[in-house]
Amino acid sequence: MNSRRKSRHRPSWCDPLRDKAVLSWAMYDWANSAYTTLLITVLVAYIQRVVFPVEQWGYTGAVVWAWGISLSMFLGAVLSPLVGAIADARASKRRWLAATALSGAVASILLGIVPPQMYVVIVILFVMANLMLELSLGIYNGFLPEIVDEKQINSASSWGYGLGYLGGGIALLIAMMILQFGHLLGIETMSARLRCSLVLMGIWWGIFSLPAIVVLRDQPNKHAEQRSIRDAIRHSFGDVLQTLRSLRVNVPLALFLVGFLFYNDGVQTIISQASTFALQELSFPEAELMAVILMIQFLALPGALVIGKCADWFGQKRTLLATLAVWIGVLVAALFIASKIGFWGMAVVVAFVLGGTQSVSRSLMATMTPMGESAKYFGFFNLSGKATSFLGTFLFGLIVATSGSSRLAIFGLLPLFVIGMGLLWMMKDGHVDEAPRSPRNAKSLKDAVP
């Protein structure tokens, strides 16, 4: 009997959120988005201007920032499949979600409490918080195919990303108010205001994670065994190797994962480096740049929902290909944008396709995942998104170093989207719609590509 929930009526746009489990699941996007948003606005400023000020440390703060993110992403890429395999083997996704989310939230709170002079501790907490986020997302995504049926998976995924951008935007707005009007609350120095914003970041993440932790439940797994941690890890390594071998015959899923590896790296690099483009090429003041990020947060919600609905109408693959075409258009437009108004316009387009690209990717992955192995395969989904996370930023930095132009560096990300789009194009529509959900339904290479 299929363990997925059955839809009793024709699904509407808002139907998924009427289910307590789906709403609680989506709230974790709302929760962790405070961290991901304040990470690129508040935490980066705190580390580079307070903990490692340029006057005292030179470029150390920028190096610590880049390498800290790289280290946490690398560890997340290595550990996510292993954690997912353990969670599936022992039916413990809920416990893993609680451990990673709450640990990350506590680390974030401590970032604001620990004195900035304790820079070693702050760096450790920074890496830990980012790592816990990466691990939690693999587990969190693994719940999606278990709480909705296939008719609602696109809208549920879209609502998750949409609420995430909305929640992150509200958290950013509160942080901006603290930075601007903190003196009215007796918070006189900018350092203290940044630290208060970091405490807000952790509290927001922790409190709004509780609905998912309390409500979500693992699907019963008759194969789950109670074994020692050592045995579970040894068994999970075997599962990881077996999953890698299974991708050799599950070619549609393999093509998607590799394609996602490339285009997602391009998306993430644009998100992290667009501020460099705005500051260097267009002389944006910091306050206006934060306003652009806030605008993106709020526009990403309707964008994610509209693109999720397009995936219902036109199919996940076609919709995803269309969003990637828009991203390519953004890269080409960056060559010609010479005004702040043009950048605001480009930001509007990015905001509209950002959440939709991510949500449709997640829902497509969910429909291609074998039943009963969601956390394990979503660990690989997380790995695919992080394994080459250094590539886009390295390419961007290399072009800036050789040409001195962040405009050319943005355009230089084009191959990442072209490769990802090409691999996705190789997947036949019929095989995406009928993606394998058990080993006996896996498609061969001959069946998977034209």
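The values are calculated or read from the model by the stated rules, or taken from the named source; none is laboratory data. Keep in mind it's a predicted model, so treat the numbers as computed, not measured. No Cβ is skipped: glycine too gets one built from the backbone with ideal geometry, and neighbour counts run over all protein chains shown. Just so you know, the surface numbers come from the protein's heavy atoms only, side chains and all, with ligands and any DNA or RNA stripped out. Shrake-Rupley method; radii C 1.70, N 1.55, O 1.52, S 1.80 Å.
In terms of accessible area, using a 1.4 Å probe and ignoring ligands and nucleic acids, Met421, Met190 rank largest first as Met190, Met421. Kirkwood hydrodynamic radius computed over the range 31-176 comes to 16.5 Å, based on all pairs of distinct alpha carbons. Between Glu55 and Ile203, the FRET efficiency estimated from the beta carbon spacing at R0 = 35 angstrom works out to 0.65.
What's the FRET efficiency of Ser283 with Val332 using the Cβ-Cβ distance as r and R₀ = 30 Å, to the nearest 0.05? Between Ser283 and Val332 the formula returns 0.85. When both the range 287-338 and the range 181-203 are represented by their alpha-carbon centers, they are found 32 Å apart.
Which value, in Å², gives the accessible area per residue of the range 131-211 when a 1.4 Å probe is used on the protein heavy atoms? It would help to have the intermediate numbers written out before the result.
Numbers: 2680 Å² over 81 residues.
Counting only protein heavy atoms, the per-residue value for the range 131-211 is 33 Å².
A 1.4 Å probe, protein heavy atoms only, puts the accessible area of Glu281 near 60 Å².
Order Leu294, Leu320 by their accessible area, 1.4 angstrom probe, all chains in place, largest first.
Details: Leu294 25, Leu320 0 Å².
Order by accessible area, largest first: Leu294, Leu320.
Label-to-label distance for Ala291 and Gln180 is 0.9 nm, based on points extended 7 Å past Cα in the beta-carbon direction. With N counted as the residues of the range 164-213, its alpha-carbon radius of gyration over 2.2 N^0.38 Å works out to 1.24. With both labels modelled 7 Å from their Cα along Cα-to-Cβ, the Lys309 to Leu408 distance reads 4.4 nm.
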